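A short write-up of the structure that comes next.
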Amino acid sequence: MLTFATPTDETLAAQLMQPCLIRVVDNIRKHTETLDWRSDYLEQVRWPGDTTAAQRQQVRDLAAQLEGSSPAEADAIRQQLSQLPAPVPGYELRLTQGDDAAEEPRTATLDVWELCFAVCFSDYRPDQPVTVDPALLDPDGEINWLTLDDKAKALVEQAIDGAIGEANGQTRATA
């Protein structure tokens, strides 16, 4: 889970995250079109680190009960859910090459949200409070689209090329 360095960073991140996601996904598309790797997006569910298996199951069970519940029952279920850890959706880019039977397929995986965070925040590290990259905003506080796109493009290309290089290196090392 993100921890913001200041309340201002949290406000600015709310303004920037959707544009960051759009630019990251668009740059993934552009870069993967030039590769001979298949790309697929997978939806992941992330739980807070201290969530137990029993809590996860309880959330799943309550969510399933919500579907057929009356309005009064739904309110009671939502109240119970509000007391439990909530999962956060995540998206993973999986790149695959070598689907033929003669060759073991190589895969490379990237966390799309981590890429978005790297674009949005200065010197992003998952375990540190985040600060919005001030270069992404112009002096009037509006989004600097050129800088946002340039940063997204550079980070996406670096991440994809690095993941593919790592996947190719692992394949050669095990062959």
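The values are calculated or read from the model by the stated rules, or taken from the named source; none is laboratory data. Not measured: the values here are computed from a predicted model. Note that we place each Cβ from the backbone using ideal geometry, even for glycine, and neighbour counts take in every protein chain shown. Quick note on the areas: whole protein, heavy atoms, side chains included, nothing else; ligands and nucleic acids left out. Shrake-Rupley method; radii C 1.70, N 1.55, O 1.52, S 1.80 Å.
Computed values, structure above
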item	result
Size of charge dipole - region 1-63 - debye, nearest 20, with Cβ of Lys, Arg +1 and Asp, Glu -1, no other charges	80 debye
Gain in span if fully extended, D127 to A54, counting 0.36 nm per residue against the direct Cα distance	23.7 nm
Alpha-carbon Rg/Rh ratio, for region 64-116, with Rh computed the Kirkwood way	1.34
Of W113, G68, G169, farthest towards positive along the dipole that unit charges on Lys, Arg, Asp, Glu beta carbons give the chain	G68
Carbon plus sulfur fraction of accessible area for region 1-132, probe 1.4 Å, in percent	52 percent
Computed P(r) (all Cα pairs; region 100-145; 10 Å bins; percent)	23, 33, 20, 12, 10, 2
Protection-proxy order for peptides 75-85, 12-22, each taking the mean of Cβ atoms within 10 Å per residue, highest first	12-22, 75-85
Rg/Rg_globular for region 44-84, with Rg_globular taken as 2.2 N^0.38 Å and Rg from C-alpha atoms	1.22
T11/E104 FRET efficiency (R0 45 Å; Cβ-Cβ; nearest 0.05)	0.40
Share of alpha-carbon pairs per 10 Å distance bin for region 1-56, given as whole %	17, 28, 32, 21, 2
Computed helical MRE - 222 nm, the chain, DSSP H runs ≥ 4 contributing -39500 (n - 2.57), nearest 500	-18000 deg cm²/dmol
Estimated inter-spin distance, L35 and L81, nm [label 7 Å along Cα→Cβ]	3.5 nm
Convex hull projection area averaged over all views, the chain, Cα basis, nm²	14.4 nm²
Radius of gyration and maximum dimension Dmax of region 57-152, Cα, Å	21.1, 58
Rel. contact order, % - alpha carbon contacts under 8 angstrom, at least six apart, the chain	30 percent
Relative packing of peptides 130-137, 29-36 - highest average C-beta neighbours within 10 Å first	130-137, 29-36
Simple label model, 7 Å out from Cα along Cβ direction - D61 to R46, nm	2.8 nm
Rounded accessible area per residue of the chain, 1.4 Å, Å²	61 Å²
